[in-house]
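Structure first, commentary second.
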Amino acid sequence: MPAFETNSEKLNGGSIARSAGLLLEGKLVAFPTETVYGLGANALNPDAVARIFVAKERPTYNPLIVHVADTLAAKALVLDWPEAADLLSEVFWPGALTLVLLKRGQVPDTVTGGGPTVALRVPSHPVAHALLRSAGIPIAAPSANRSGRLSPTTSDHVLRSLYGRIDLVLDGGPTSGGIESTVVSLVGGMPRLLRPGLIGSAEIEAVVGPIERMLPLHSNLDSAALLSPGMLDRHYAPRTPLELTADGPQRVEELGSQGLRVGWLRRSDTLEAVSESDRVIRVEMRRDAAGYAAQVYAELHALDARGVDRIVVDAVPETEEWLAVRDRLQRASVPE
Ligand code: TXA
Ligand code: MG
């Protein structure tokens, strides 16, 4: 059974040392980062890493992000450190950018899905940082949720999803970023955006010049399907069926009249045509992309916990700033 470390102990040396000890024994420890909670294991221990896949029910071909304490530790795990890695790590590490590079032999195949590359990130969260320093090893950590589901932004979310499957959750309170890191590959020619995330592509381009995008700027389900069918897998999804719609008020009214209990992530510019009803739980979402990102998973977790029948989400702007949020909402809305 997982023990639970309280928030007040978050920087307590004892908690950190105990967590580091468990990691060194090959155990699984969930911990906060500035994006979402990660489920950590010693990245250099293939048996420990294999336990992550079992706990999450994650397909073994989906590789993990390796978290390291600093750039020096990152360099020790790769064959090649291109100039773009220098530029990007200098500006964005510690932080929510993950770089994909050619791995060295010591990185186990279980971490990389058998592939030749490894994804690396230096997290900025003080608890994650203290844990990395104390353990003195690279920590492989996907988001600490069952595969395909919402990422956790609190230790409660972690326990709801993984209780009994992990050894400890280190609590650091709610995470500030709210969605996952941006993943950029530096293998091959131009840097390539593999997953939009907290750090915007425009910010990255300001540092390294043009990057190749896997997703079209104005991505919608049809064009994304043409571009890369695999990217349409249901992911980042609440248990409750979720609909993304341009006309929230009408959809909420319709579902309500069918007798369904509806949770509505509402953007305040949607026209107000819905009557107050105890069948509808309205959630006011922040107007800015970063504020919305920080809030969205926590609100979806809360609606899941309240047991609504349907979640309706007002469409978000089609601009680049909203790319990561749009990506998560579109994947969450793919039917099961
Ligand atoms: O913010 C985050 O990135 C969080 C925190 C815990 O760091 N982690 C996270 O991990 O979101 P995960 O496993 O849920 O997502 C990692 C993503 C996946 O889309 C995976 O396919 C991709 O990174 N990835 C990992 N290693 C890769 C590699 N070698 N090449 C390409 N993609 C890779
Ligand atoms: Mg994940």
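Here, each number is a calculation from the coordinates, and none is a lab measurement. Keep in mind that this is a model prediction, so the values were computed, not measured. Heads up, the Cβs are rebuilt from the backbone with ideal geometry, glycines too, and the neighbour counts pull from every protein chain shown.
If packing is taken as the mean number of other Cβ atoms within 10 Å per residue, what is the order of 39-46, 291-298, highest first? Each step should come with its number before you reach the end.
Values: 39-46: 24.5, 291-298: 20.0.
Listed from highest to lowest mean packing, they are 39-46, 291-298.
Kindly provide log₁₀ I(q)/I(0) values, in the same order as q = 0.14 Å⁻¹, from the Debye equation applied to equal alpha-carbon scatterers of the chain. The calculated log intensity ratios at q = 0.14 Å⁻¹ are -1.12.
Provide the percentage of antiparallel DSSP beta bridges, counting only those with both residues in the chain; round to the nearest 5. Bridges in the chain are about 35 percent antiparallel. Under 5 Å between amide hydrogens, built in the peptide plane, is the criterion, and for GLY38 it picks out PHE31, THR33, ALA144 among residues at least 5 positions away or on other chains.
How much FRET efficiency would the formula 1/(1 + (r/R0)^6) give for VAL91 and ARG286, where r is the Cβ-Cβ distance and R0 is 25 Å, rounded to 0.05? Approximately 0.45, to the nearest 0.05. Projecting label points 7 angstrom from Cα along Cα→Cβ for GLU57 and ASP247 puts them 3.7 nm apart.
Extension gain for ASP233 to ALA50 (0.36 nm times residue separation, less C-alpha to C-alpha distance): 63.6 nm. Packing order of peptides 94-103, 189-198, highest average first: 94-103, 189-198 (average count of other Cβ atoms within 10 Å over each peptide's residues). According to the square roots a ≥ b ≥ c of the eigenvalues of the Cα gyration tensor, what is the shape class of region 82-124, taking rounded for a/c under 1.5, prolate for a/b larger than b/c otherwise, and oblate for the remainder? Prolate is the answer for region 82-124, as a/c is 1.5 or above and a/b outweighs b/c.
Summing Cβ point charges (Lys, Arg +1; Asp, Glu -1) relative to the Cα centre of the chain gives a dipole of roughly 940 debye.
In sequence order, region 295-301 has phi-based couplings of 9, 5, 5, 4, 5, 5, 4 Hz under the Karplus curve 6.51 cos²θ - 1.76 cosθ + 1.60, θ = phi - 60°, and Gly or Pro positions carry x.
Computed extension length for ALA17-TRP81: 19.9 nm, one decimal, from 0.36 nm per residue of separation with the Cα-Cα distance subtracted. Between helix 126-135 and the chain there is an angle of about 30 degrees, using the helix long axis and the longest principal axis of the Cα atoms. Largest GNM mean-square fluctuation among GLY248, GLY256, GLY105, using the chain with Cα springs under 10 Å: GLY105.
Which whole number of Å³ per residue matches the convex hull of the alpha-carbon atoms in region 284-336?
Values: hull volume 4.5 nm³, N = 53.
Once divided by residue count, the hull of region 284-336 is 84 Å³.
Among the aspartates and glutamates, which fall within straight-line cross-link reach of LYS27, defined as a Cα-Cα distance under 19 Å, with same-chain neighbours fewer than 8 residues apart omitted? Of all the aspartates and glutamates, those that pass the test against LYS27 - Cα under 19 Å, at least 8 places apart if same chain - are GLU5, ASP47, GLU57, ASP109, ASP167, ASP171.
What is the gain in length, in nm to one decimal, between ARG306 and ARG267 on full extension, counting 0.36 nm per residue of separation less the C-alpha to C-alpha distance? Length difference between fully extended and current span is 12.0 nm. From the largest down, region 107-155 spans 31, 30, 14 angstrom on the principal axes of its Cα atoms.
Over region 62-184, what per residue volume does the convex hull of the Cα atoms give, in whole Å³? All intermediate terms of the calculation are to be shown ahead of the outcome.
Values: hull volume 13.6 nm³, N = 123.
Residue-normalised Cα hull volume stands at 111 Å³.
Taken along the Cα-to-beta-carbon direction at a fixed 7 Å, the label points for GLU254 and ASP278 span 2.7 nm. Principal-axis analysis of the Cα atoms of the chain puts helix 323-332 at an angle of about 70° to the longest axis.
For a straight C-alpha distance cut-off of 12 angstrom, the aspartates and glutamates reachable from LYS103 (same-chain residues fewer than eight places away being disregarded) are ASP80.
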